[in-house]
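Step one of this worksheet: look at the structure below.
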Amino acid sequence: MNTQQSINPATGELFQEYPVHDAQAVENAITRAHACFGTWRRVPVTERAQALAAVAQIILKNKESYARTITLEMGKPFKEAIAEVEKCASAAKYFAENSVAFLADQHVKTEYRKSYVTFQPLGIVLGVMPWNFPFWQALRFILPSLAAGNACLLKHASNVPGCALAIESIFKEAGLPDGVFQSLLIPGSRVESVIADARIRAVTLTGSTPAGKSVAAAAGNHLKKTVLELGGSDPYLILSDADIDHAIKTCGASRLNNCGQSCVSAKRLIVVERHKARFEQGIVDIFGKAAMGDPLDGKTTLGPMSRADLRDELHDQVARSVKADAKLLLGGKNPGGKSAFYPPTILTDVTKSMPAYSEELFGPVAVIIPAKDDEDAIAIANDSEFGLGGAVFTTDLERGETIARERIESGLCFVNMMVRSDPRLPFGGIKNSGYGRELAAFGLHEFVNVKTIIVA
Ligand code: NAP
């Protein structure tokens, strides 16, 4: 295809098309980014940090327009889009305030006159990003990378070109040097050729596990540093001593947020037998109240999914699970058509032989897996190829903390709350959910040369 298309998932209508960047346009962008890197890296870190404070202001000034672009291109309710954009502004502020400290030299006491570690930028960092949080996912790699003195190129998901260009405009409007951040409108099939370019020094991908494997293979081939934030199927464990009303409220909200299209959504609800009936009823009540409709309407709490083809794939996973004897408590009927709506759906009595047990379901589908007891719940939680987030519900905080810390195989595990990213804390997974970390000092240090200096 010679264009990238903005299709409103609420209606299925094409409302904007953008020409795909050809090979020459990509070459020009890399050349510009490389030249700009040469000067940007020499800008004092205090000034780079100030530039991010200006970025935060621009984001807040234009938040309604950015949120509208998000909603029109990928369907999340406008309120959720505003919250996403505001979160980007607070991350920009966070890196503006903390990057100087994160990038300060670290002295080490040795027998030498001087010995220390200094952090230097790598060059151009390429980000390959998904559509589900089209501002947040992109900004969370761009902000620390720029603070560290790198230049950035963004290859965004092909269904959100308007967001990709809006993000580019933020950095121009904030007065950062032309070329320090640019969006490439290219399909995934052309990413390897960009990675192959010697001027690209690192690549970060947020997306599905197959896309991660493909980018990691290409990066390995060309010896480029990678960070991978991939799929997840987060377990939420409702243990025998859980505050059941709190667990129901938190799990229901997590699963419906962003129409279930979040990497850290409550995807596997693992409930001990004694709570099962009440938990099922609670989730039915919450899902039953979801107001599905036009995402621009302030009363809507559940928009469409982001693309009709993804809706059909999700329905296929639900249908295969029901065929394998999962019990359908709510929803499960595919409305079909050009728009991408899918009703809130609840599957229970899910067991190991069913797709809903092991596959990632990226949409508004609650998957309830019964556990005999707390130990069984922990075993089920870890019986997954994924290891991104997880949550433990219990009134015994000390035991909850021990289970979260020692027993659950994941990059994040929260006690009595839904998993969410926070600029102040590292975010990322293990197993097939990827490697490396974003956000906080850990994220910033992924794309720097950790350089050792000794003066004898
Ligand atoms: P996706 O199909 O993997 O796409 C993500 C990005 O990768 C897009 O820009 C896509 O480009 C590109 N891409 C796809 N295949 C590629 C390939 N073979 N080589 C190079 N680039 C490739 O994922 P998605 O459906 O957009 O997003 C959903 C997935 O992302 C879920 O699995 C979710 O859990 C995961 N996710 C993870 C996190 C996290 O932080 N761990 C956060 C959000 C989402 P095109 O659009 O041009 O194909």
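When segment 92-104 is filtered for residues that are touching a residue at least 40 places away in the same chain (Cβ under 8 Å) and outside any helix (DSSP H, G or I), only Leu103 remains. Among the residues of segment 216-225, the ones that are in contact (Cβ under 8 Å) with a residue 24 or more places away in the chain and either open to solvent by less than 10 Å² (accessible area, probe 1.4 Å) or closer than 20 Å to Arg140 by Cβ (or both) come to 4 in all.
Taken as a whole, the condition of being open to solvent by 20 Å² or more (accessible area, probe 1.4 Å), under 26 Å from the mean Cα position of the chain (by Cα) and away from the ligand (no atom under 16 Å from the Cβ) applies to Leu122.
Every residue, every condition in (1) polar (S, T, N, Q); (2) within 10 Å of the ligand (Cβ to nearest atom); (3) at pLDDT below 95; (4) not in a loop (DSSP other than H, G, I, E, B), yes or no:
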| position | (1), (2), (3), (4) |
| --- | --- |
| Lys109 | no, no, no, no |
| Thr118 | yes, no, no, yes |
| Leu139 | no, no, no, yes |
| Leu143 | no, no, no, yes |
| Leu146 | no, no, no, yes |
| Leu153 | no, no, no, yes |
| Ile167 | no, no, no, yes |
| Ile170 | no, no, no, yes |
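In segment 181-215, of all residues being within 8 Å of the ligand (Cβ to nearest atom) and not in a helix (DSSP H, G or I), the one that is surrounded by the fewest Cβ atoms within 10 Å (Cβ to Cβ) corresponds to Pro187.
Summed over segment 340-389, the residues that are buried (at least 20 other Cβ atoms within 10 Å of the Cβ) and hydroxyl-bearing (Ser, Thr, Tyr) give a count of 5. Based on what the data block shows, is Ile248 under 21 Å from Ile408 (Cα atoms), in contact (Cβ under 8 Å) with a residue 40 or more places away in the chain and more than 14 Å from the ligand (Cβ to nearest atom)? It is false that Ile248 is under 21 Å from Ile408 (Cα atoms), in contact (Cβ under 8 Å) with a residue 40 or more places away in the chain and more than 14 Å from the ligand (Cβ to nearest atom). In the list Thr402, Thr395, Thr452, which residue meets the criterion of being among the polar types (S, T, N, Q) and assigned to a helix (DSSP H, G or I)? None of the other options fit; the residue is Thr402. All conditions but one from (1) open to solvent by 40 Å² or more (accessible area, probe 1.4 Å); (2) under 30 Å from Thr452 (Cα atoms); (3) aromatic (Phe, Trp, Tyr) apply to Phe37; the one that does not is (1).
The values are calculated or read from the model by the stated rules, or taken from the named source; none is laboratory data. Keep in mind that what you see is a predicted model, and the values were worked out from it rather than measured. FYI the Cβ positions are ideal-geometry reconstructions off the backbone, even for glycines, and counts take in every protein chain you see. Accessible surface is based on the protein model in full, side chains and every heavy atom, while ligands, DNA and RNA are left aside. Shrake-Rupley method; radii C 1.70, N 1.55, O 1.52, S 1.80 Å.
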